[in-house]
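Have a look at the structure below before the remarks.
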Amino acid sequence: MQDRVRQALAPTRPEIDGLPLSSNATIVAELLGHGGERALDIGCGDGKFTRSLARLFANVGGVDVKEKSIAAARQGATSAGLTIDFRVASGQELPYSDGHFDAVVFSNSLHHMPDPAIALREALRALRNGGLLYIMEPVPSGNYHEATRLVNDETEVRTEAYARLLELPGVVEEREIMYRARRTLADFEEWKADQIDRDARRKARFDAQPDRVRASFVEAADHEDGRLAFDQVFRVNLVRKSAA
C-alpha cells in the first residue's frame, strides 16, 4: 500500500515516461462508455469534460459553485448541440434525490472541494447501488507540475483528496490507472494569461517573483517544434457503490 500511494502521488520521472499517452476524454470513454443512462459531473467548471460525458450518457448534469462557470458551460453545450442540465450548486450539497445517477464524476475537482470527505459521501448518496464513482485528479509530479508549482502548487490538497478517497466506505475498487497527457504552449506568456484567467489571485504570485517564475517554467519544459512541451500526469480512480 505504501508504494502504491507513493506512485499515485509522486511517480518518478522513469515511471512517468513509462505511462501511456492519452487524454481525459479517451480514458472516460474507455471506463464509462457502458456506464448507464444518467451521469453527473461535480465541479464541472466550463463544462468541457461534461460534454464528453454527454456523448456517453443519455442524461447528463453538471454542477459548479461559480455562476460564471455555469453560464459558460451552458453556452458551450448549446454551441455543441448538446442538452446538459447545468446547475449552480455545491458538490457538498447536491440538488438531487438519493440514487439518481448511474455514474458520478469528479473531473479535476475533488481537491477543490472544501471538504473532500463530505463531497465523496454526497456523491455516493446521489449514486445508485452498483453505480460508478469516477475520480480524475492531476498528480503533483512531472515537468508540468515543476513548471507551474510556484504559481499553483496543489500538492497538499491533492494528497488530502486522495487520502479521503482511500478511506471512503461503502465502495468496491474497480480500477486505478495513471496516464500522461502531452501539453504544448507557444511560450510563457500564453501560460501566464491562462493561469490568471483561471484565477485572478494568481497574478500576485507572478508579480511577486516574475523572473523566478519564468525561469522555472521555461527550464522545466521540453522543446518540440518551437513550442514548450510538458507531460501532465493524471490518475483515475474508479469505484463501484456497494449494494445496501
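Read the figures in this text as sums done on the coordinates, not as results from a lab. Please read all numbers here as calculations on a predicted model, not as lab measurements. As a convention, Cβ positions derive from the backbone with ideal geometry for all residues, glycine included, and neighbour counts pool all protein chains shown.
Put one equal scatterer on each alpha carbon of region 187-244, apply the Debye formula with no solvent term, and list log10 I(q)/I(0) at q = 0.22 1/Å to two decimals.
At q = 0.22 Å⁻¹ the computed log10 ratios are -0.97.
Radius of gyration and Dmax for region 93-188's Cα atoms, expressed in Å?
15.4, 47
Once the convex hull of the C-alpha atoms of region 9-63 is built, how many Å³ does it hold per residue, rounded to a whole number?
Values: hull volume 5.7 nm³, N = 55.
Enclosed volume per residue, from the Cα hull, is 103 Å³.
Tell me the volume per residue, in Å³, of the convex hull enclosing the alpha carbons of region 1-128. Working shown, then result.
Values: hull volume 16.6 nm³, N = 128.
Cα convex hull per residue, to the nearest whole number: 130 Å³.
If you count the DSSP beta bridges with both ends in region 1-145, what percent of them are antiparallel, to the nearest 5?
Details: 1 of 20 bridges.
The answer is about 5 percent antiparallel.
Please give the charge dipole size of region 108-172, origin at the Cα centre, charges +1 on K and R Cβ atoms and -1 on D and E Cβ atoms. Round to the nearest 20 debye. Could you put the intermediate results ahead of the total?
Working: 6 positive and 9 negative charges, 71 e Å.
That gives region 108-172 a dipole magnitude of about 340 debye.
Of all GluC sites (Glu not before Pro) in region 1-81, which ones are in loop regions per DSSP and have a Cβ with at most 13 other Cβ atoms within 10 Å?
Values: sites: GLU15, GLU30, GLU37, GLU67; in loops: GLU37.
Qualifying residues, ordered by number: GLU37.
How large is the translational diffusion coefficient of region 113-244 in µm² per second when you combine the Kirkwood radius over alpha carbon pairs with Stokes-Einstein at 4 °C and 1.567 mPa s? Don't skip to the answer; put the middle values down first.
Values: Rh = 16.7 Å.
Answer, rounded: 77 µm²/s.
With each run of n ≥ 4 DSSP H residues scored as -39500 (n - 2.57), what mean residue ellipticity at 222 nm is computed for the chain after dividing by its residue count and rounding to the nearest 500 deg cm²/dmol?
Numbers: 11 runs with 98 residues, N = 244.
After summing the helix terms and dividing by residue count, I get -11500 deg cm²/dmol.
So for the pair ARG87, GLU190, with labels modelled 7 Å out along Cα→Cβ, what separation do we get in nm?
The two pseudo-label positions are separated by 3.8 nm.
Using a Gaussian network model on the chain with a 10 Å cutoff between Cα atoms, which of VAL88, VAL60, VAL233 fluctuates the most?
VAL88
Using a Cα-Cα cut-off of under 18 Å, which aspartates and glutamates could be cross-linked to LYS203, ignoring same-chain neighbours fewer than 8 residues away?
Answer for LYS203, where 18 Å is the Cα cut-off: ASP153, GLU154, ASP187, GLU189, GLU190, ASP194, ASP211, listed by chain and number.
List the aspartates and glutamates whose Cα sits under 15 Å from the Cα of LYS68, skipping any in the same chain fewer than 8 residues away.
Of all the aspartates and glutamates, those that pass the test against LYS68 - Cα under 15 Å, at least 8 places apart if same chain - are ASP46, ASP197, ASP199.
Antiparallel versus total DSSP beta bridges in the chain: what percent is that, nearest 5?
Working: 25 of 45 bridges.
Of those bridges, close to 55 percent are antiparallel.
With +1 on each Lys and Arg Cβ and -1 on each Asp and Glu Cβ, how big is the dipole of region 144-244 about its Cα centre, in debye rounded to the nearest 20? Don't skip to the answer; put the middle values down first.
Numbers: 19 positive and 22 negative charges, 74 e Å.
That gives a dipole near 360 debye.
How big is the C-alpha Rg of the chain next to the rule-of-thumb value 2.2 N^0.38 Å, as a ratio?
Values: Rg = 18.1 Å, N = 244, 2.2 N^0.38 = 17.8 Å.
Against the empirical 2.2 N^0.38 Å value, I get 1.02 for the chain.
Which FRET efficiency, nearest 0.05, do ALA80 and ARG212 yield, Cβ-Cβ r, R0 41 Å?
On the way: r = 40 Å, r/R0 = 0.98.
Step by step, r from the Cβ atoms, then E = 0.55.
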